[in-house]
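Reviewing the structure listed below.
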Amino acid sequence: MSGPSASNPGTPGHTLRPPSPALSGESSTRTLTPAEHTFEETEGEKQHKSHLELDTETHPRDFADVDLEAARATSAHLAIPIGRHILEDAERSVGDLSEVFSPGEEAVGEIEREKADPFLVVWEEGDKGNPKNWGRGYRWYITIFGGLLTLNATFASSAPSGVIPSLIEDFGMSQELATLLIAIFVVGYCIGPLLWGPLSESFGRRPIFIIAFGIYTIFQIACAVAPNTGALIVFRFFGGAFASAPLTNAGALLADIWNPDTRGKSMAFFTLAPFAGPALGPIVSGYMSVAGVNWRWLFWVLSIFAGVCWFLILFTLPETYGPVLLTSKAKAIRLSTGDSRYYSALERADTNLRARVSAILARPFKVLFLEPMLIFITIYMSFVYGCIYLLFEAFPIVFTIGHGMNEGESGLMFLPLFLGGAVGVLCYLLYFNPRYEAFMRKYAPNPVPPEHRMEMAFLGGPLFAIAFFWFGWTSYPSISFWAPLMSILLIGFGVVLIFLSLFNYIIDAYLMVAASALASSTVVRSAFGAGFPLFATQMFDKLNPRWASTLLGCIALLLIPIPFVLSAYGRTLRQRSKYAPTRD
């Protein structure tokens, strides 16, 4: 994105500057020269300010923690197309935010002050060093590779489900302890949003990928040679903690390399990766168990898969984080000109990593506990997410015990979960997204009220609840397995619509602290994903699949009103909120 060499004269404190001569070897990087003219803002020009600027001036308290780029990066990780009109509005106000700051570090006024600095190095339009201007084919490779890393991490989470009988026989562990091997990996996911994201915004995406994925590979090897149950559980936890680095940052690659108006297709592809991994794990491990392969070979397969991905990271994945790349540009300019005054925004940011991490750890939970809307959304999403991992324990009871399938065939029953998710993404692209774009045109130049995001949950919520009743009451051994199998397709479809709806609502409603809101929601959701499998087997054994599924369906029914209530009263709640100021 172009630097502010020709700032909008209608913005106070901005100046017009002639472009400086291109530097040798840095022809695409603009180095700003001192201002020659300053323009006063007229009353008429004030009307052309973006909504973000007006809100910032009117409600400075609400915008003290600017979190926009983090919201964009986090939404990429979650594969959710962010509210484009709001992002573009913000970027018109302060420029390309990815060039300027890490989340939560600077208020808008401070960013504008820095961008007026003649020695601040920013991207020139068309700069080939800007990841958003790299070749389309190369960016698609990075997108596909990011999806592969996410698939790798989620595949590892569910893979042991098919070899649990072998683990019980080999180590003499209980069923509950064997189930913990899946749960403890997901507990490690809680680390990602709180640690790897902030670290990548200080040191760049590439170093974090190399270090975290390398250590993740080592822990996969450690699992393969684990001497006892305790060691295996510890190795699984740390494997999940380091696997959460690509889970958190792989999607941020998309925010780094795609503009909002070209990100839709890449997002649609990336959305499928988190569904493909958990579905693939039970299939692979199930057929390995049927073939009589020792359970350790499952972890060797995971180690090889992780190792190949690590080598691809090492040799093919570039740095994509704009502020880090601009720091390299600034160093090159200082070296070529001998002028030490040129700098990047990241070099002037707070370098006290301990203080930054402390603030980032505290803010997500502060936002969560003070926002009733976010609390109820998080409860809904966490329940849905927990149900996905609960199925890893429910399927063997329904399909292996009830229908006499082997572990491999039972693992195949997870495919409809992925296929349902794919249909949900297709439905979003073909119907809900065009409908939302129509709302954008209707409300222009104002932003679309976030409550319009709830339409997908209006459909997804009831279907998700119905699917569990369907699954439970068709799980009799006397009924064809195709009946419960079709309900799993509906579960996947409902999950995607609910997540797309609620994630987008969080981003639109909590724009300026969206990364913090999503981080706290992700931590709670991962805790549910880890906890649900621990009681799933006992619940389905004691209640039987019919009544256990009915219980889940009833809870899902109780949660259905949440999107409808937020749609009706969301604006009123946002008017009372500190973190979700009303802009519509």
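Could you list 554, 223, 387 in order of exposure, starting from the residue whose Cβ has the fewest other Cβ atoms within 10 Å?
554, 387, 223
Could you list 440, 405, 288 so that the one with the fewest beta carbons within 10 Å of its beta carbon is first and the one with the most is last?
440, 405, 288
Do any of 132/331; 132/578; 132/329 go past 25 Å between their Cα atoms, and which?
132/578
Taking amide hydrogens as modeled 1.01 Å from N in the peptide plane, which residues meet the under 5 Å criterion relative to residue 122, leaving out close sequence neighbours?
Excluding prolines and chain starts, which carry no amide H, the hits are 30.
Taking loop as defined by DSSP and a crowding limit of 12 other beta carbons within 10 Å, which trypsin sites (Lys or Arg not before Pro) in the range 496-584 fit?
For trypsin sites (Lys or Arg not before Pro) across the range 496-584 that sit outside H, G, I, E and B with at most 12 neighbouring Cβ atoms in 10 Å, the list reads 576.
Please list 3J(HN,Hα) in residue order for the range 501-506, calculated via the Karplus relation 6.51 cos²θ - 1.76 cosθ + 1.60 where θ = phi - 60°; whole Hz, with x for glycine and proline.
Ordered by residue, 3J(HN,Hα) equals 5, 6, 4, 4, 5, 4 Hz.
Just add up the charged neighbours of residue 455: K/R +1, D/E -1, any other residue whose Cβ is under 15 Å from the Cβ of residue 455.
That works out to 0.
Where does each of 508, 256, 170, 117 land when they are ranked from fewest to most other beta-carbon atoms within 10 angstrom?
Ascending Cβ contact count within 10 Å gives the list 170, 117, 508, 256.
Bear in mind these aren't lab numbers, they're just calculated from the coordinates by the rules spelled out. Computed from a predicted structure; not experimentally measured. Every residue, glycine as well, gets a Cβ built from its backbone with ideal geometry; the counts of neighbours run over all protein chains shown.
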